[in-house]
Amino acid sequence: METIGKTIFDSIEIRGRKLANRLVVAPMTRVSATPEGVPTQEMADYYEAFAAGGFGMIITEGTYTDELFSKTNRNQPGIANEAHVHGWKRVVTAVHEYNVLIINQLMHGGALSEMTGETIAPSAVQPVGLRATDNTVFPSPFPMPRAMQTKDLDAVKAGYVRAAMLAHEAGFDGVELHAANGYLFDQFITPHTNLRTDEYGGNERNRLRFLMEVYRAVKAALPADFIVGIRVSESKVNDLTYRWPGGSETARRIFEILAEIDPDYLHIAAEGGRWERECRYPDGTSSNSIAKSLLRSPVIANGGMHDIALAEALLNSNAADLVSIGRAAIASPDWPKRMAAGEPVVPFFKELIKPSLTLAHARRVREQYNTSTLC
Ligand SMILES: Cc1cc2nc3c(=O)[nH]c(=O)nc-3n(C[C@H](O)[C@H](O)[C@H](O)COP(=O)(O)O)c2cc1C
């Protein structure tokens, strides 16, 4: 009998919530909120286009969680007060018109925050790389962060819980705890940015402790069907070549420990966009396949997943349940519909994500391309 393989267009459930397909919009910072972090009508239109375009679930850009040290980029949206809730309601309402799930990515930049005079981190370790949000011509080194004390840990955790409650109030279907790409939780997970000698530093269990405590606190504060996912990665925005020092052994240990909280989903990012390079190990395994073998919850793969052959190979080799698509979704918000119909798509080009470009301008650039040279 012929076995029909899984496709990206098959439906799936997360926490009992049905998605029309396995295509997720990856979180992407677009620096388009007001200076106070309030989502705009332009953002509602931007997110609505993905829902109309056939994605099964949308994860928002990284959203800051408190008014203390979490804000990372200028014009980043927040979910820290009622004005933020009001702005996000517009976005959520527009997306829900299409029966598409929308998840708010909750993000604390830690040592990589570019908007706070003082930054906080697990330890006082100056990040590698340069901060470039406000001055791309003359980027400057990141400042030395202050090592977090118990009261800082408590404040960050309280910020996440409150942010998740506000996200629920705004109508979101869930939140994603951003523990990837070099930001605060990832600074705890990474040995060279976490030199702590207390229960939050040292072995993998200790380095994951803060993330797991926050996850549990968020889960306990929200209704059971409110999705709480986690995103992890090896590469970082300020160090794209970073890999976990022990390779597949470290991955196994990390996912064994995360399996104890069994997050509603696990999203494994390839920040640089190349799954093969960022998620594969020399022994032939991958972070995705190891996570799938240890967790009960769905695993989302990322990094060049607009390559349908690669995406479906991961689904069919039990290395992923869903795939998230970043740059290709910006270029073609209706990527799923076009793919299903066998129509050409707009290819990604860098101008579309220029920080100086408003979302409306980016849309015009894309549409111009759209009508002239489709590939
Ligand atoms: C403009 C831009 C902004 C991004 N912002 C975020 C973000 O806010 N949070 C996050 O976890 N990843 C962020 N990423 C990483 C993407 O989610 C994704 O991991 C990356 O683009 C690789 O996927 P792709 O090959 O499908 O583009 C961003 C990527 C881009 C291109």
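The values are calculated or read from the model by the stated rules, or taken from the named source; none is laboratory data. Predicted model, so just to flag it, every value in this text is computed and none were measured. Positions of Cβ are backbone-derived with ideal geometry, glycine not excepted, and every protein chain shown enters the neighbour counts.
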Worksheet item: Among the listed residues 138, 185, which satisfies the condition of being within 16 Å of the ligand (Cβ to nearest atom) and either farther than 23 Å from residue 29 by Cβ or out of contact with any Asp or Glu (no Cβ under 8 Å at 6 or more places or on another chain) (or both)?
Response: 185
Worksheet item: If you take the residues of the range 81-140 that are among the acidic types (Asp, Glu) and surrounded by fewer than 14 Cβ atoms within 10 Å (Cβ to Cβ), which of them is farthest from residue 226 (Cα to Cα)?
Response: 134
Response to the item:
Filtering the range 259-271 down to residues that are in contact with a Ser or Thr (Cβ under 7 Å, 6 or more places away or on another chain) and surrounded by fewer than 18 Cβ atoms within 10 Å (Cβ to Cβ) yields 262
Response to the item:
residue 277 vs (1) surrounded by fewer than 21 Cβ atoms within 10 Å (Cβ to Cβ); (2) modelled with pLDDT of 95 or more: all pass except (2)
Discussion item. If I filter the range 93-110 for residues that are hydrophobic (A, V, I, L, M, F, W, C), within 16 Å of the ligand (Cβ to nearest atom), within 25 Å of residue 361 (Cα to Cα) and part of a helix (DSSP H, G or I), do I get at least one hit?
Written reply: no
Response to the item:
Taking the range 317-337 and keeping only residues that are in contact (Cβ under 8 Å) with a residue 40 or more places away in the chain, away from the ligand (no atom under 16 Å from the Cβ) and not acidic (Asp, Glu), one is left with 337
Worksheet item: Is it the case that the range 162-175 has a residue that's assigned to a strand (DSSP E or B) and crowded, with 24+ Cβ neighbours inside 10 Å?
Response: yes
Worksheet item: Out of all the residues in the range 338-348, is one or more within 12 Å of the ligand (Cβ to nearest atom) and in contact with a Gly (Cβ under 7 Å, 6 or more places away or on another chain)?
Response: no
Worksheet item: Taking the stated definitions as given, is residue 282 modelled with pLDDT under 95 and away from the ligand (no atom under 16 Å from the Cβ)?
Response: no
Practice prompt. Specify the residue that is farthest from the ligand (Cβ to nearest atom); the eligible residues are those in the range 298-311 that are out of contact with any helix residue (DSSP H, G or I) (no Cβ under 8 Å at 6 or more places or on another chain) and touching a residue at least 40 places away in the same chain (Cβ under 8 Å).
Written response: 298
Worksheet entry | Hits in the range 224-252 - residues which are more than 17 Å from residue 284 (Cα to Cα) and in a loop (DSSP other than H, G, I, E, B) | 224, 225, 226, 237, 238, 240, 241, 242
Fill in: Filter result (hydrophobic (A, V, I, L, M, F, W, C) and part of a helix (DSSP H, G or I)) within the range 176-215
184, 185, 188, 189, 208, 210, 211, 212, 214
Worksheet item: In this structure, is residue 314 farther than 30 Å from residue 40 by Cβ, within 16 Å of the ligand (Cβ to nearest atom) and either at pLDDT below 95 or buried (at least 22 other Cβ atoms within 10 Å of the Cβ) (or both)?
Response: yes
Worksheet item: Out of the range 44-76, which residues are part of a helix (DSSP H, G or I) and under 30 Å from residue 310 (Cβ atoms)?
Response: 46, 47, 48, 49, 50, 51, 52
